[in-house]
1. Which whole-number percent gives the relative contact order of the range 3-163, counting Cα pairs below 8 Å spaced six or more residues apart?
2. For the range 3-163, would you read off the P(r) tail past 18 Å as a percentage of all alpha carbon pairs?
3. Round to the nearest 0.05 the FRET efficiency obtained for Lys154 and Glu124 when R0 = 35 Å and r is the Cβ-Cβ distance.
4. I'd like the FRET efficiency for Arg102 and Ser57, computed as 1/(1 + (r/R0)^6) with the beta carbon distance as r and R0 of 30 Å, rounded to 0.05.
5. Pull up all non-local amide H partners of Val132: gap of 5 or more, or a different chain, and H-to-H distance under 5 Å with H placed in the peptide plane.
6. So for Val109, Val61, fewest C-beta neighbours within 10 Å to most, what's the order?
7. I need the phi-derived Karplus couplings for the range 2-8: 6.51 cos²θ - 1.76 cosθ + 1.60, θ = phi - 60°, integer Hz, Gly and Pro marked x.
8. For the range 84-92, in order, what is each residue's ³J(HN,Hα) by Karplus, 6.51 cos²θ - 1.76 cosθ + 1.60 with θ = phi - 60°, in whole Hz (x at glycine and Pro)?
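Only the coordinates and a few stated rules stand behind these numbers; no lab work does. It should be emphasised that the depicted structure is a prediction, and the values quoted were computed from it without experimental measurement. Positions of Cβ are backbone-derived with ideal geometry, glycine not excepted, and every protein chain shown enters the neighbour counts.
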Amino acid sequence: MPLIAMTGTPGTGKTSAAERLRQRGYEIIDLNAFIAENGLLGEEDTERDTREVDIDSMRTVFSRRDKLSAIVEGHLSHFLGCDIVVVFRCHPDVLAGRLRARGYSESKVRENVQAEILDVILCEADGSKARVFEIDTTDLTPEETADKMEDVIKGKGDHQVPGSTDWSEENEKWF
Ligand code: ADP
Ligand code: MN
């Protein structure tokens with residue numbers, strides 16, 4: 001099995017899908033936990049309520065693992081030099097609802113929704129050597145999202161090529 005990334009804007013449903021896949025017997029690496037455990041969390045940015053992660057250090061430490069094939073979940077996983085990158089997507093209104101329910105501040109909701117509208121992670125993933133897939137979780141349950149993820153893992157995800165999502169009509173509302 002190759003190295004597979006489950007990435008996407010916070011709130012798109014990566015962790016929920018990963019949990020379901022674990023229940024089905026897949027081993028999934030939690031990249032946020034890996035970053036914390038390996039002391040890779042940078043300075044706290046109180047203004048943006050976030051912490052910067054040094055991507056080069058993260059890549060270096062991750063590449064020291066003895067097992068190279070894995071499924072990795074986290075919004076920075078597409079920077080690991082994966083063979084396959086699956087970008088989780090979600091409609092801005094639904095994403096905002098999920099992030100508010102999580103207790104995010106309005107500025108943090110906006111920052112993440114804007115990133116989703118601008119396809120930030122998809123563009124970052126396109127810059128890598130990986131094969132890129134996309135899963136729109138807007139109308140899916142975590143279980144259905146896990147089904148689609150399993151298709152990709154089994155090499156049956158050919159229909160999930162990027163380009164089916166386009167949130168640009170939501171621009172006016174969020175910018
Ligand atoms: P991520 O790991 O991408 O940040 P999570 O899996 O933590 O996203 O999900 C964010 C929130 O959205 C959680 O409250 C979760 O219950 C909810 N959620 C996740 N996936 C779905 C889904 N497919 N349908 C509805 N709600 C979802
Ligand atoms: Mn998560």
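1. In percent, rounded to a whole number, it is 33.
2. 59
3. 0.85
4. Once rounded, the FRET efficiency stands at 0.65.
5. Residues meeting the amide H criterion: Val85.
6. Exposure proxy ranking, most exposed first: Val61, Val109.
7. For the range 2-8, the Karplus curve yields x, 8, 10, 9, 10, 10, x Hz.
8. 10, 10, 10, 9, 7, 10, 7, 4, x
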